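**Q** Okay, here's the structure, questions in a sec.
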Amino acid sequence: MPTKSQHPETLVLHAGYRSDPTTTAVAVPIYQTTSYQFRDSKHAADLFGLAEFGNIYSRIMNPTNAVLEERVAVIEGGVAALALASGQAASLFAVQNICQAGDNFVSSTDLYGGTWNLFLNTMMKTMGMEVRFVDPSDPENFRRATDARTRCYYAETLPNPKLEVFPIAEVAKIGREEGVPLIVDNTAAPVLRTGSSSPRAAPPATHPARRAGGRRTARRRSFDCRPASSFSLHPGCFPAR
Ligand SMILES: Cc1ncc(COP(=O)(O)O)c(C=O)c1O
């Protein structure tokens, strides 16, 4: 049974998984499987049809990863997290999830070089998603670069290598007004929650980017999320389409 504790020290150890109900072993098992047995063909059809939640195939989900993802989501106050193999994969997934060829997104110029390269050379030149770099020292630059095809804003909490704190609250507010979610790479500051020593005691709404979440235009399938290290975190403020 997952822990009911509110303490971060306990959550990092026990959120998402407490012990195996049969053996009472506390270490998270490493499930070395690609496949899962279905109860019957209806069960398989429901899983593949997304009518029922469960394990289908390890490329899509895995019970070991699921514990890690749930743990990160609880610690960060999100509704869900997705673990990926690298930070660049998390950045790519986060933007590509809501941005298609022909769309654009606005990124802070204070950016890790690899991400700059990913946005400019890979996503813009080969995938057709336009990146618009703006100087974050004036948050209004994000608004000025926004148009009807802008799908998200992107920034780093503590940019690598500049370490100039990004104005999250200001840009998130502009995003709420413009209907554009803010994606934050939180690599340099792993837990962002503020206002309490306990992540759970501080509701997700206390996160400035979360607070910025609000009404979405129907055609935007978007949410504020953070590729924190190798995680794409969904704080739950922008409902999926
Ligand atoms: C801020 C930031 N974001 C993303 C990355 C990329 O992470 P990874 O090397 O895991 O792809 C780095 C790597 O140094 C980084 O500093």
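The values are calculated or read from the model by the stated rules, or taken from the named source; none is laboratory data. Note that this is a predicted model, so its numbers are computed, not measured. Note that each Cβ is placed from the backbone with ideal geometry, even for glycine, and that neighbours are counted across all protein chains shown.
**Q** Would you mind stating whether residue 75 is in a loop (DSSP other than H, G, I, E, B), more than 12 Å from the ligand (Cβ to nearest atom) and either farther than 16 Å from residue 184 by Cβ or touching a residue at least 60 places away in the same chain (Cβ under 8 Å) (or both)?
**A** Considered against the rule, which asks whether it is in a loop (DSSP other than H, G, I, E, B), more than 12 Å from the ligand (Cβ to nearest atom) and either farther than 16 Å from residue 184 by Cβ or touching a residue at least 60 places away in the same chain (Cβ under 8 Å) (or both), residue 75 comes out as no.
**Q** Here's something else I'd like to know. Look at the stretch 31-43 and say how many of its residues are in a loop (DSSP other than H, G, I, E, B) and either over 27 Å from the mean Cα position of the chain (by Cα) or surrounded by 10 or more Cβ atoms within 10 Å (Cβ to Cβ) (or both).
**A** 7
**Q** Now a separate question. Kindly indicate whether residue 46 is over 30 Å from residue 127 (Cα atoms) and loosely packed, with under 15 Cβ neighbours inside 10 Å.
**A** no
**Q** Give me a count of the residues in the stretch 71-82 that are farther than 23 Å from residue 168 by Cβ and within 12 Å of the chain's Cα centre (by Cα).
**A** Here the count works out to 0.
**Q** When you scan the stretch 79-95, do you find a residue that is under 13 Å from residue 151 (Cβ atoms) and either within 16 Å of the ligand (Cβ to nearest atom) or assigned by TED's automatic domain parsing to the domain that holds residue 166 (or both), even just one?
**A** yes
**Q** Another question about this same structure. Of all strands (runs of 3 or more DSSP E) completely enclosed by the stretch 98-179, which ones contain at least 1 residues that are within 20 Å of the chain's Cα centre (by Cα), among the charged types (D, E, K, R) and exposed (fewer than 15 other Cβ atoms within 10 Å of the Cβ)?
**A** Values: elements: 104-108, 130-134, 150-156.
Where strands (runs of 3 or more DSSP E) fall fully within the stretch 98-179, none carries at least 1 residues being within 20 Å of the chain's Cα centre (by Cα), among the charged types (D, E, K, R) and exposed (fewer than 15 other Cβ atoms within 10 Å of the Cβ).
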